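**Q** The structure under discussion is supplied below as structure tokens; questions concerning it will follow.
The values are calculated or read from the model by the stated rules, or taken from the named source; none is laboratory data. Bear in mind the structure is a predicted one, so any value in this text is a computation, not a measurement. Note that we place each Cβ from the backbone using ideal geometry, even for glycine, and neighbour counts take in every protein chain shown. Ligands, DNA and RNA are excluded from the accessible area calculation, which covers all protein heavy atoms including side chains. Shrake-Rupley method; radii C 1.70, N 1.55, O 1.52, S 1.80 Å.
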Amino acid sequence: MKRSKLKYLLMAMTCLVPFANAADTILYEATNAPNAEIDANNEFDAWTVTGVGGDSRCYLKGAQDGDQNLWAIWDLDGEGGTYATHTFAGGPLNIGQSVSLDWAHHVNVDTAIGIRLLDGENTEVEFNFIGGDQYYSRFDTTSNTHVLTNKRYDNYDLFRVTFTLTGDNSYEMSVTTGSIPDNGYNGTEDGNAAPGDIADLWTGTFTGSQIDGFQIYTEGGNESDQWFDNLNINYDWLLLPTNASPYNKEKDVLIADAELSWTVAREISGSTFVVDPNLVSYELYMSESEPNFIDVTPAAIDQWNSSTLKASYTPSFTLNKNSSYFWRVDTILDDNTVATGNVWQFDTELTKAVITSNPTIQNVDAGDTAEFTIEVDSDTPALYQWYKYVDGVEDAAVVNGTNATLYIENAQISDEGLYYCIVNNDSGIAVTSSSAIMSIKRKLAHWTFEDDSIQSVIENSPETFVQGAPTFVTDGYSGTALEIAEDLDMLFTDPDNASYFDICDYGITVGCWVKSTNTQGWVPFVARSGEGNGWQLRRNGYTADRPCFTTRGTGNDDGTSANRGVYDDQWHYVVGTFDGVVKKVYIDGTLSVLYSSDDGSVTFTGDAVTSPINASQSPVAIGGRVRVVDGEYIYELENNCPGLYDEIEIYNYALDENEIAQIYANVSGESVCLSQKYDLGTDCIVNLEDLAALSSEWLNDSKIIPSQD
């Protein structure tokens with residue numbers, strides 16, 4: 001349980017400095033005591049904390065990247081959210097003003113936490129972290145979409161977010177690596193560990209009329225803390241070079257006639273920008289290898305276009321291909337004030353090989369040949385070397401794996417694993433393909449429940465254990481079945497041997513015969529965790545009686561529910577398949593499809609997926625779910641699916657439509673009719689009767705033509 005929190009968040013603040021001052025205005029900073037004195041403007045309570053628990057969810061906290069003086073808000077798993085909101089004392093931001101905050105969060109979350117810029121109570125711009133992503137995302141009300149940034153999540157990493165109002169409804173936003181060195185666990189997560197370096201910078205628009213507030217929020221998910229300090233409003237944006245070209249982090253910049261340009265220092269005259277009359281010159285620093293510009297002599301620029309407000313510089317040396325360049329432009333004013341610019345970076349055009357097609361999953365029968373192929377674009381002859389993954393450090397180079405195609409002949413289980421290719425050329429810059437699995441097609445587990453046994457009949461599959469007291473019944477679909485009682489029973493495989501099913505992250509078929517009247521949402525027939533990782537063949541909570549196949553981390557995680565119900569106290573054969581490209585659901589031997597309401601044509605046969613299933617430490621469970629939380633196994637009997645179970649199978653590849661239909665036919669003793677395009681009858685055969693039906697309509701013309709009247 002969390003320790004007690006300080007109840008009140010009271011902070012001193014000053015009013016906004018008038019525009020002419022163009023100086024920082026520190027609206028608040030954390031203090032060692034929550035009872036800050038009322039300031040000259042009779043203001044306190046710089047932040048209003050609302051949500052579950054109110055201002056009791058705010059406290060003073062230190063030790064984030066070494067900073068001992070920060071405010072924090074917190075929230076607990078499944079609660080309704082906590083919000084720290086600040087309304088600018090001086091009114092809405094003016095064009096040219098920036099507002100910045102040092103901020104961090106701890107613990108990956110299921111939903112979202114972040115920073116919002118507000119127009120009254122309406123959100124206009126967000127910088128947030130959505131559970132499951134590695135990177136922070138950005139959002140504005142004009143695009144109405146979330147886009148990932150280059151800022152990567154790093155536990156305890158205190159960094160700075162800056163929002164600048166650049167027009168009536170336009171803004172620039174940047175994320176830096178903070179004001180102090182990164183002491184978190186991820187070190188150089190942005191490729192820039194030095195304080196103040198830009199991790200990302202972007203522009204956008206919003207739909208409202210003003211920005212007059214700032215909010216830090218957490219909305220449910222796992223237990224989550226957020227720390228913040230040093231809210232500043234200033235006019236530095238008007239002095240600093242902006243709108244860099246090449247833009248920060250730009251790729252493939254052509255070296256021929258390369259030119260650097262930026263917007264010069266400005267002030268507002270009426271409703272337009274003009275060149276700042278105090279601007280004297282610029283000093284431009286540029287280096288291929290030194291982002292701190294040690295021993296770099298700057299170039300002096302004292303000319304610019306007053307109409308476009310642009311200055312430019314052509315490097316005095318030829319840029320190199322395959323290189324990264326750092327540059328910074330400092331503003332010099334007539335009182336010798338120097339406004340230090342941001343460090344920008346761009347990468348020049350590449351001559352390295354570009355992989356245009358990566359290897360794909362290879363599920364083959366034992367003794368067959370697995371074939372991995374990549375395609376590349378390269379200005380010079382490409383050199384290939386294939387590797388088999390071992391630990392990511394000392395991976396094994398494949399003998400004879402020096403071509404664009406790797407053949408693994410007479411493939412055996414000992415050859416199973418991840419394979420990838422490193423490609424080089426005359427540039428000397430190696431590029432690495434994505435990895436693809438090679439597996440030998442086989443059934444990994446099969447529970448028949450015959451002879452009152454809960455063990456899989458597949459040799460060397462993990463031992464199965466029981467929670468509760470499920471019973472065997474003799475009226476199973478195929479001999480003996482297992483009855484699982486609601487909130488009481490489940491089966492699970494040996495947790496110490498959970499990795500046995502890891503190969504299923506790349507391809508899987510899970511099928512079971514089940515008879516149930518379950519009415520609970522989202523409960524599984526067969527599962528390997530399935531919350532954040534793993535998979536579940538389960539009931540879709542949005543469709544009352546239909547199952548779905550949940551695969552975490554693949555895209556389309558829950559997928560489309562089946563087109564038929566199964567919770568009707570009748571036996572059904574329910575199957576989910578995943579091959580790394582598409583996943584499908586089958587009911588009673590036939591594929592679940594959707595049809596056009598216009599012409600009856602098939603519009604859906606499966607959900608597209610883009611990634612392997614997220615790795616899980618959980619064992620496989622039947623009738624329920626086992627999750628691993630902080631190293632402990634949680635047996636979720638309250639989320640089990642009661643009913644009768646029989647003939648449960650797991651394969652390490654996706655069975656096709658014919659194979660699944662054959663299993664159904666073998667177990668049920670009934671024929672399965674697969675789709676026949678020209679079968680006009682109901683016998684599942686294209687024969688003379690179908691031809692006769694077609695012939696009877698030969699040359700009949702059903703067109704309605706315009707009247708001649």
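**Q** When the stretch 374-392 is examined, which residues are found to be part of a strand (DSSP E or B) and either under 12 Å from residue 423 (Cα atoms) or more than 27 Å from the chain's Cα centre (by Cα) (or both)? Write out each step before concluding.
**A** To start, the set of residues in the stretch 374-392 that are part of a strand (DSSP E or B) comprises 375-377, 383-388.
Hits for the stretch 374-392 are 375, 376, 377, 383, 384, 385, 386, 387.
**Q** So, one more: Just checking, which of 558, 579, 588 is within 23 Å of residue 436 (Cα to Cα) and either of a type outside the set (Ser, Thr, Tyr) or buried (at least 24 other Cβ atoms within 10 Å of the Cβ) (or both)? Outline the logic, then answer.
**A** Values: 558 fails: within 23 Å of residue 436 (Cα to Cα); 588 fails: within 23 Å of residue 436 (Cα to Cα).
Sole residue among the options that is within 23 Å of residue 436 (Cα to Cα) and either of a type outside the set (Ser, Thr, Tyr) or buried (at least 24 other Cβ atoms within 10 Å of the Cβ) (or both): 579.
**Q** For the subset of the stretch 626-648 comprising residues that are more than 24 Å from the chain's Cα centre (by Cα) and of a type in the set (D, E, K, R), which member is surrounded by the most Cβ atoms within 10 Å (Cβ to Cβ)?
**A** 646
**Q** In the stretch 362-373, how many residues are outside any loop (DSSP other than H, G, I, E, B) and out of contact with any Phe, Trp or Tyr (no Cβ under 7 Å at 6 or more places or on another chain)? Spell out the reasoning first.
**A** In the first step, residues of the stretch 362-373 are kept if they are outside any loop (DSSP other than H, G, I, E, B); the result is 362-364, 370-373.
Now drop any that are not out of contact with any Phe, Trp or Tyr (no Cβ under 7 Å at 6 or more places or on another chain), which leaves 364, 370, 373.
Summing the residues that are outside any loop (DSSP other than H, G, I, E, B) and out of contact with any Phe, Trp or Tyr (no Cβ under 7 Å at 6 or more places or on another chain) in the stretch 362-373 gives 3.
**Q** Right, something else. Any residue at all in the stretch 234-257 that is within 19 Å of residue 59 (Cα to Cα) and aliphatic (A, V, I, L, M)? Before you say what the answer is, go through the steps one by one.
**A** Start the filter on the stretch 234-257 by keeping residues that are within 19 Å of residue 59 (Cα to Cα), which leaves none.
No, every residue in the stretch 234-257 fails to be within 19 Å of residue 59 (Cα to Cα) and aliphatic (A, V, I, L, M).
Let's see how each residue does on (1) crowded, with 22+ Cβ neighbours inside 10 Å; (2) in contact (Cβ under 8 Å) with a residue 40 or more places away in the chain; (3) touching a helix residue (DSSP H, G or I) at 6+ places or on another chain (Cβ under 7 Å):
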{"residue": "488", "(1), (2), (3)": "no, yes, yes"}
{"residue": "494", "(1), (2), (3)": "no, yes, no"}
{"residue": "500", "(1), (2), (3)": "no, yes, no"}
{"residue": "510", "(1), (2), (3)": "yes, yes, no"}
{"residue": "520", "(1), (2), (3)": "no, yes, no"}
{"residue": "523", "(1), (2), (3)": "yes, yes, yes"}
{"residue": "529", "(1), (2), (3)": "yes, yes, no"}
{"residue": "533", "(1), (2), (3)": "no, yes, no"}
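**Q** Being in contact with a helix residue (DSSP H, G or I) (Cβ under 6 Å, 6 or more places away or on another chain) and within 30 Å of residue 354 (Cβ to Cβ) narrows it down to one residue among 422, 437, 408; which is it? Before you say what the answer is, go through the steps one by one.
**A** Values: 422 fails: in contact with a helix residue (DSSP H, G or I) (Cβ under 6 Å, 6 or more places away or on another chain); 437 fails: in contact with a helix residue (DSSP H, G or I) (Cβ under 6 Å, 6 or more places away or on another chain).
Exactly one of 422, 437, 408 is in contact with a helix residue (DSSP H, G or I) (Cβ under 6 Å, 6 or more places away or on another chain) and within 30 Å of residue 354 (Cβ to Cβ), namely 408.
**Q** Looking only at strands (runs of 3 or more DSSP E) that lie completely in the stretch 211-254, which have at least 3 residues being buried (at least 19 other Cβ atoms within 10 Å of the Cβ)? Quick ask: steps written out before the conclusion?
**A** Numbers: elements: 213-219, 224-234, 242-245, 250-253.
Qualifying strands (runs of 3 or more DSSP E): 213-219, 224-234.
**Q** What residue, of 363, 342, 358, is over 23 Å from residue 580 (Cβ atoms) and either open to solvent by 30 Å² or more (accessible area, probe 1.4 Å) or modelled with pLDDT of 95 or more (or both)?
**A** None of the other options fit; the residue is 342.
**Q** Would you please name the residue that is nearest to residue 73 (Cα to Cα), looking only at residues in the stretch 106-135 that are modelled with pLDDT under 90, in a strand (DSSP E or B) and of a type outside the set (Val, Ile, Thr)?
**A** Per the stated criteria, the residue is 106.
**Q** Right, something else. Examine the stretch 386-404 for a residue that is acidic (Asp, Glu), surrounded by fewer than 17 Cβ atoms within 10 Å (Cβ to Cβ), closer than 26 Å to residue 442 by Cα and at pLDDT below 95, and state whether such a residue exists. Explain how you work it out, then say what you get.
**A** Keep residues of the stretch 386-404 that are acidic (Asp, Glu), which gives 391, 394-395.
When the remaining residues are screened for being surrounded by fewer than 17 Cβ atoms within 10 Å (Cβ to Cβ), the result is 391, 394.
Now drop any that are not closer than 26 Å to residue 442 by Cα, which leaves 391.
Retained after the next criterion (residues that are at pLDDT below 95): 391.
So far as the stretch 386-404 goes, yes, one or more of its residues are acidic (Asp, Glu), surrounded by fewer than 17 Cβ atoms within 10 Å (Cβ to Cβ), closer than 26 Å to residue 442 by Cα and at pLDDT below 95.
**Q** Now for a different question. Might you check whether a residue that is over 20 Å from residue 616 (Cβ atoms), open to solvent by less than 70 Å² (accessible area, probe 1.4 Å) and within 31 Å of the chain's Cα centre (by Cα) occurs anywhere in the stretch 463-471?
**A** No, the stretch 463-471 contains no residue that is over 20 Å from residue 616 (Cβ atoms), open to solvent by less than 70 Å² (accessible area, probe 1.4 Å) and within 31 Å of the chain's Cα centre (by Cα).
**Q** If you don't mind, another one. In the set 186, 155, 150, 169, which member is of a type outside the set (Gly, Ala, Ser), at pLDDT 60 or above and surrounded by fewer than 16 Cβ atoms within 10 Å (Cβ to Cβ)? So that I can check it myself, show each step before the final result.
**A** Numbers: 186 fails: at pLDDT 60 or above; 150 fails: surrounded by fewer than 16 Cβ atoms within 10 Å (Cβ to Cβ); 169 fails: surrounded by fewer than 16 Cβ atoms within 10 Å (Cβ to Cβ).
Criteria check complete, one pass: 155.
**Q** Could you tell me which of the residues 635, 595 is within 30 Å of residue 488 (Cα to Cα) and either touching a residue at least 12 places away in the same chain (Cβ under 8 Å) or not basic (Lys, Arg) (or both)?
**A** Details: 595 fails: within 30 Å of residue 488 (Cα to Cα).
None of the others qualify; the one that does is 635.
**Q** Would you tally the residues in the stretch 297-339 being touching a Leu at 6+ places or on another chain (Cβ under 8 Å), closer than 30 Å to residue 376 by Cα and loosely packed, with under 15 Cβ neighbours inside 10 Å?
**A** Total meeting the criteria: 1.
**Q** Okay, moving on. Against the conditions (1) modelled with pLDDT of 95 or more; (2) part of a loop (DSSP other than H, G, I, E, B); (3) open to solvent by 50 Å² or more (accessible area, probe 1.4 Å), where does residue 428 fall short? Just the number, please.
**A** It fails just one condition, (1).
**Q** So for the stretch 284-292 (the condition being in contact with a Phe, Trp or Tyr (Cβ under 9 Å, 6 or more places away or on another chain), open to solvent by 70 Å² or more (accessible area, probe 1.4 Å), without any contact (Cβ under 8 Å) to a residue 60 or more places away in the chain and not polar (S, T, N, Q)), does at least one residue qualify?
**A** Initial filter on the stretch 284-292 (in contact with a Phe, Trp or Tyr (Cβ under 9 Å, 6 or more places away or on another chain)): 284-292.
Within this subset, residues satisfying the condition of being open to solvent by 70 Å² or more (accessible area, probe 1.4 Å) are 288-289, 292.
Imposing the further condition that a residue be without any contact (Cβ under 8 Å) to a residue 60 or more places away in the chain reduces the set to 288-289.
Subsequent filtering for residues that are not polar (S, T, N, Q) retains 288.
Within the stretch 284-292 (the criterion being in contact with a Phe, Trp or Tyr (Cβ under 9 Å, 6 or more places away or on another chain), open to solvent by 70 Å² or more (accessible area, probe 1.4 Å), without any contact (Cβ under 8 Å) to a residue 60 or more places away in the chain and not polar (S, T, N, Q)), the answer is yes, since at least one residue qualifies.
**Q** If you don't mind, there's one more thing I want to ask. Out of all the residues in the stretch 441-453, is one or more touching a residue at least 24 places away in the same chain (Cβ under 8 Å) and under 30 Å from residue 400 (Cα atoms)? Even if it seems obvious, please write down each step before you answer.
**A** Step one: filter the stretch 441-453 for residues touching a residue at least 24 places away in the same chain (Cβ under 8 Å), giving 441-452.
Those left that are additionally under 30 Å from residue 400 (Cα atoms): 441-442.
Yes, the conditions are met somewhere in the stretch 441-453.
**Q** Determine, yes or no, whether residue 434 is among the polar types (S, T, N, Q) and either over 30 Å from residue 323 (Cβ atoms) or assigned to a strand (DSSP E or B) (or both). Talk me through it step by step, then tell me what you get.
**A** Numbers: among the polar types (S, T, N, Q): yes; either over 30 Å from residue 323 (Cβ atoms) or assigned to a strand (DSSP E or B) (or both): no.
No: the conditions fail for residue 434.
**Q** Still on this structure, please answer the following. Looking at the stretch 437-462, which of its residues are loosely packed, with under 15 Cβ neighbours inside 10 Å, out of contact with any strand residue (DSSP E or B) (no Cβ under 6 Å at 6 or more places or on another chain) and not in a loop (DSSP other than H, G, I, E, B)?
**A** Answer for the stretch 437-462, where residues must be loosely packed, with under 15 Cβ neighbours inside 10 Å, out of contact with any strand residue (DSSP E or B) (no Cβ under 6 Å at 6 or more places or on another chain) and not in a loop (DSSP other than H, G, I, E, B): just 451.
**Q** Does the stretch 190-207 include one or more residues that are touching a Leu at 6+ places or on another chain (Cβ under 9 Å) and either among the aromatic types (Phe, Trp, Tyr) or modelled with pLDDT of 80 or more (or both)?
**A** Keep residues of the stretch 190-207 that are touching a Leu at 6+ places or on another chain (Cβ under 9 Å), which gives 206.
In the following step, the residues that additionally are either among the aromatic types (Phe, Trp, Tyr) or modelled with pLDDT of 80 or more (or both) were identified as 206.
So far as the stretch 190-207 goes, yes, one or more of its residues are touching a Leu at 6+ places or on another chain (Cβ under 9 Å) and either among the aromatic types (Phe, Trp, Tyr) or modelled with pLDDT of 80 or more (or both).
**Q** Still on this structure, I have one more. Which residue, of 66, 81, 91, is surrounded by fewer than 17 Cβ atoms within 10 Å (Cβ to Cβ) and modelled with pLDDT of 80 or more? Walk me through how you get there before you give the answer.
**A** On the way: 66 fails: modelled with pLDDT of 80 or more; 81 fails: surrounded by fewer than 17 Cβ atoms within 10 Å (Cβ to Cβ).
Within the list 66, 81, 91, the selection yields 91.
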